[in-house]
Every structure is written in structure tokens, then in C-alpha cells.
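Notes follow the structure.
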Amino acid sequence: TYQADQTGGHGAYLRSFPELGPFVEISAEVDESPVWAPDGSAIYFVRDDRLVRREVRLGETLELGSETELFSAAGTRSSAGMRMYDIHPDGDRFLFVTTGSAGGQEAPEVEYEGIGPVVVVVNWFQELRERMGEGG
């Protein structure tokens, strides 16, 4: 799965690999960062600051199922050609790179619908040792 300008607008596409077949359009709308679900049952992508799940059934033929908007991805960082999120192996949780600035400033706290604030701790083991009184 990939993002490209195959038909005049940035959309999400599928293509077989390693034997390259024709590309299959998942969505012709402006979509970013398509990625397979861990169990292969869907493809996730970002459209208009929303995370979208599109069902996929693979077999003799490819069947594209319905799309479901999951939640807002506003406040997350995006980068042309780079996916800035990942899916937990259980398929139920996501990790996003949020907007923020470098230089030691903290990223803004982002509330996702039904999830609450997400906190990312850099150098977690170092911070744990310091809090446990073991120094660095």
C-alpha cells in the first residue's frame, strides 16, 4: 500500500509485491500514510485530519469494503512520504508523532476522542532510574 499521484490527486493505492501487478485505487481523495492492519483485514490512512479504516478482503480477487472514520488525527505531525503513526500489533491502539517544537520544549497535550491525553516519555529508562534513586 502506498500514497501517490497516480490519477491526478494524491490518493491511497495497493499493488502486489514482489510480482508487480496493476495498482488498485483504495481512495482517490487526498489521503496520507496508508498502512495495513496487523491482521491484514484493513488499511488505515489519514484524510482531512481523521484516521480512516478501509476494510479489505484478500483472496482470489481483492474486495474493498466500507470506510469508517475512527477519530481525529488533528495535532499530529505529517510529513510527505513518511508515515508518522503506527498501529499496535493488537490492532486496537495507535501511536502518533504529535506537533511540538525541538529544544526541550514539551509537546502539547492532545486529547483524542474516547482515549484521553497521550504522554510520550523520551529516555524512559534514564528517567526511571533517576526516579528510583539510581542516578544515571
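Couple of notes before you dig in:
- Lone unmet requirement of (1) at pLDDT below 65; (2) open to solvent by 100 Å² or more (accessible area, probe 1.4 Å); (3) among the aliphatic types (A, V, I, L, M) for residue 122: (1)
- Residue 69, sole failed condition from (1) within 18 Å of residue 1 (Cα to Cα); (2) modelled with pLDDT of 85 or more: (1)
- Qualifying residue in region 128-135 (condition: surrounded by fewer than 10 Cβ atoms within 10 Å (Cβ to Cβ), modelled with pLDDT of 60 or more, among the charged types (D, E, K, R) and in contact with a Leu (Cβ under 9 Å, 6 or more places away or on another chain)): yes
The values are calculated or read from the model by the stated rules, or taken from the named source; none is laboratory data. Because the structure is predicted, anything quoted here is derived from the model rather than measured. Reconstructed Cβ throughout: ideal geometry from the backbone, glycine too, with neighbour counts over all protein chains shown. Calculation scope for accessible area: heavy atoms of the full protein, side chains included, ligands and nucleic acids excluded. Shrake-Rupley method; radii C 1.70, N 1.55, O 1.52, S 1.80 Å.
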